[in-house]
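The values are calculated or read from the model by the stated rules, or taken from the named source; none is laboratory data. Predicted, not measured: the structure shown is a model, and the values here were computed from it. So basically every Cβ, Gly included, is an ideal-geometry build from the backbone, and we count neighbours across all protein chains shown.
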């Protein structure tokens with residue numbers, strides 16, 4: 001994601017928030033990208049790839065939220081499926097959130113659609 005940090009430069013960064021099953025913030029812990037999941041490209045013009053690098057024993061769910069917190073897409077992937085494609089091309093430019101639910105974990109990614 002391109003943005004401006006405190007120094008004002010346009011350094012690229014990515015953001016993954018590891019949270020409880022309700023995907024709510026757990027406090028002021030340092031946020032880092034999970035090695036379990038990759039979500040790219042960010043920013044995007046429409047298509048997002050989700051790559052799951054870890055095998056989970058159960059199905060998992062992917063939800064896409066607009067910036068108002070409304071679910072705009074939901075999909076359930078079978079266990080063993082390691083890739084998914086999300087199409088945001090029919091949605092306006094802005095900020096979207098992808099939540100990926102595994103068993104008792106939830107990962108949330110901020111996506112910018114150009």
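Summary of computed values
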| quantity | calculated |
| --- | --- |
| Test: residue in segment 88-96 that is farther than 15 Å from residue 114 by Cα, in a strand (DSSP E or B) and either in contact with a helix residue (DSSP H, G or I) (Cβ under 7 Å, 6 or more places away or on another chain) or at pLDDT 90 or above (or both) | no |
| Answer residue from segment 68-109, given it is within 14 Å of the chain's Cα centre (by Cα) and loosely packed, with under 10 Cβ neighbours inside 10 Å and is farthest from residue 45 (Cα to Cα) among those | 69 |
| Test: residue in segment 33-43 that is closer than 23 Å to residue 89 by Cα and modelled with pLDDT under 55 | no |
